[in-house]
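Chemist: Encoded as structure tokens, here's the structure I'll be asking about.
The values are calculated or read from the model by the stated rules, or taken from the named source; none is laboratory data. What you are looking at is a predicted structure, and each value in this text was computed from that prediction instead of being measured. Every residue, glycine as well, gets a Cβ built from its backbone with ideal geometry; the counts of neighbours run over all protein chains shown. Remember, those area values only see protein heavy atoms, side chains included, never the ligands or the DNA or RNA. Shrake-Rupley method; radii C 1.70, N 1.55, O 1.52, S 1.80 Å.
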Amino acid sequence: MKYVLMFAETEQFAADLAAMDDAERERAYARVGQWFADNREQITRHVHLMPPETATTMRLGGGEPVVTDGPFVEGKEVVSGIAEVDVDDLDAALRLARSWPGCPLVEIRPIAST
Amino acid sequence: MTTATEVELARAVRDHAGRLAAALVGLTGDFATAEDLVQDAVEAALTHWPVEGIPERPDAWLFTVARRRGLDLLKRRARYRTKLALLHWPAQPEPDDRLRLLFTCCHPALPRTGQIALTLRAVCGLTTAQVARAFLVTEATVGQRITRAKRKISEAGIPYRIPDPDELAGRLSEVLAVIYLLFNEGYLTTAGTASHDRDLADDAEFLADLLHRLMPTEPEVMGLLALIRLHQARAAARFDAEGRIIPLPAQDRGRWDRDAIEEAGALIARAAAHRRPGPYQLQAAIVACHAEAARWEDTDWPQILVLYTILLCVQPSPVTRLHRAVALRYADGPAAALAELDQLEDALDGYHLYHATRGELLRATGDPDAARAADERALALAANPAEIDLLRERLRWR
């Protein structure tokens, strides 16, 4: 089954990351890189998103389309990246997510079969 | 009122529905279909058995009905039909199958209400109507919870499996939590007018016992089973003829089931030998201290205090601190207990037992006005009818 893992950052996580010195931050990034390398057989693709300040949202369906700056959900938790994985079942996806060394929130959703 | 036949029937269904569901899911790999087949068989049993008598082999009867129904239902799915036609009811139970079933129903990706409804239905064989009655919600609500849970199992890819050793601890605690909640709901329901629903408590005991038979070396499973058995052993003395709670010191200890208490004590000792203490073992040990005392005056409060202190280290919670404070009262006096309670005010201000306990302690330290105010506050927050009666009674007399 294919799942998408959606990685979400929190304000606390961003603050913690900002508080690190360069060497610590490098090590944090290295752990994430290692995770992708360790699980490359199950990960079919993955992307890291630019921060929410770079988002632009187009609202359709309410007469004239409205363009606003920012993400469609103004929240303290924002999706910062996704990975598509191909594993047997939800438990296998949970196992992958459990070892994720990056941001503290991961939403796991099956991809609807096409 | 349940008749003896109904009790017998409930037990027969409980003993066999889970095994049947497990065997059918194991065969089909399709949780929803297997579960529907079992429910049809269970409902047929509820109609036929009270009239025709309970069959000699209830499991074979249920199996035959489920299989016949399966063949009718799945005429179009040829492969499955062939498999079903070849299926024989095994003489030997398949322990792993039922364990898989239990872990699937209690998967942490399912909402708690769904876990409970599905476990009661698939493992204990309760119908939607029975689950609805037990929780005093509508059948439609229960039906929806079950449908959603089953859909999530198939659509989110929740596997039908026993977790690997490295994830077992976390997942087992989920299963234990479901059984514990079920028992608490049966032991002292917070919904509706019935203060005591023996059926749910019995189902919880059945599940704990089943889990213990399937995982005989898990100390926390032994702990939970002992805890439930100990409460059940004292159930007959807990309520008076009008359904009012009889407080522990006033209970007729002659009505406690001494054999069951002794068995539970042995179970706790066996669990302790594994040297992996956990919250259920500790709670069981505390209840055992009460159950083993011949008279209220003989209660080993220092021992209970020690057990609560360990429990707080294992699983810190303000409610546990509240219970510990009660033990403190009898070990060190009401003033020490009150001082402890003062520190819990922020956390437990909305909890009726906090105020009820405070009321008792204030009365013991000679402050009846403050005690009365605390009891009134407790009454305003209580939900269980028997507890409400008890608090009303106390306010009337003092």
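Chemist: What are the residues in segment B:112-160 that are of a type in the set (Gly, Ala, Ser) and touching a helix residue (DSSP H, G or I) at 6+ places or on another chain (Cβ under 7 Å), if any?
Modeler: Answer for segment B:112-160, where residues must be of a type in the set (Gly, Ala, Ser) and touching a helix residue (DSSP H, G or I) at 6+ places or on another chain (Cβ under 7 Å): B:Gly114, B:Ala117, B:Ala122, B:Gly125, B:Ala129, B:Ala132, B:Ala134, B:Gly143, B:Ala149, B:Ser154, B:Ala156, B:Gly157.
Chemist: List the residue pairs whose Cβ atoms are under 8 Å apart, where the first residue sits in segment A:83-98 and is more than 11 Å from every other protein chain (Cβ to nearest Cβ), the second is assigned to a helix (DSSP H, G or I), and the two are 6 or more positions apart or on different chains.
Modeler: Close Cβ pairs satisfying both conditions: A:Ala83/A:Phe36; A:Val85/A:Ala93; A:Val85/A:Leu96.
Chemist: Scan segment B:101-124 and report the pairs whose first residue is not assigned by TED's automatic domain parsing to the domain that holds B:Ala23 and whose second residue is among the hydroxyl-bearing types (Ser, Thr, Tyr) and surrounded by fewer than 23 Cβ atoms within 10 Å (Cβ to Cβ), with Cβ atoms within less than 8 Å and a gap of 6+ or a chain change.
Modeler: Correct list of pairs: B:Leu101/B:Tyr160; B:Thr104/B:Tyr160; B:Arg121/B:Thr127; B:Arg121/B:Thr128.
Chemist: Within segment B:55-74, can one find any residue that is part of a loop (DSSP other than H, G, I, E, B), open to solvent by 60 Å² or more (accessible area, probe 1.4 Å), out of contact with any His (no Cβ under 9 Å at 6 or more places or on another chain) and farther than 24 Å from B:Gln144 by Cα?
Modeler: The answer is yes; a qualifying residue exists.
Chemist: Now a separate question. Please enumerate the residues belonging to segment B:176-200 that are modelled with pLDDT of 60 or more and either open to solvent by 20 Å² or more (accessible area, probe 1.4 Å) or closer than 20 Å to B:Asp389 by Cβ (or both).
Modeler: Within segment B:176-200, B:Ala177, B:Tyr180, B:Leu181, B:Asn184, B:Glu185, B:Gly186, B:Tyr187, B:Leu188, B:Asp199 meet the criteria.
Each row is one residue, and each column tells you yes or no for (1) at pLDDT 90 or above; (2) out of contact with any helix residue (DSSP H, G or I) (no Cβ under 8 Å at 6 or more places or on another chain).
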position: B:Asp298; (1), (2): yes, yes
position: B:Thr320; (1), (2): yes, no
position: B:Ala337; (1), (2): yes, no
position: B:Leu361; (1), (2): yes, no
position: B:Ala370; (1), (2): yes, no
position: B:Ala386; (1), (2): no, yes
position: B:Arg396; (1), (2): no, yes
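Chemist: Identify all residues within segment B:271-330 that are part of a loop (DSSP other than H, G, I, E, B) and open to solvent by 60 Å² or more (accessible area, probe 1.4 Å); write none if there are none.
Modeler: B:Ala273, B:His274, B:Arg275, B:Arg276, B:Pro277, B:Ala294, B:Arg295, B:Asp300, B:Gln315, B:Pro316
Chemist: Mind checking whether some residue in segment A:58-80 is open to solvent by less than 70 Å² (accessible area, probe 1.4 Å), within 12 Å of the chain's Cα centre (by Cα) and either closer than 30 Å to B:Tyr160 by Cα or of a type in the set (S, T, N, Q) (or both)?
Modeler: yes
Chemist: Considering only segment B:130-164, how many residues are within 14 Å of another protein chain (Cβ to nearest Cβ) and either out of contact with any Lys or Arg (no Cβ under 7 Å at 6 or more places or on another chain) or of a type in the set (S, T, N, Q) (or both)?
Modeler: Of the residues in that region, 10 qualify.
Chemist: Still on this structure, please answer the following. Check whether at least one residue in segment B:129-140 is open to solvent by less than 40 Å² (accessible area, probe 1.4 Å) and outside any helix (DSSP H, G or I), and report yes or no.
Modeler: No, there is no match, as no residue in segment B:129-140 is open to solvent by less than 40 Å² (accessible area, probe 1.4 Å) and outside any helix (DSSP H, G or I).
Chemist: Let me ask something additional. Does B:Arg98 satisfy the condition of being open to solvent by 30 Å² or more (accessible area, probe 1.4 Å), assigned to a helix (DSSP H, G or I) and of a type in the set (Lys, Arg)?
Modeler: no
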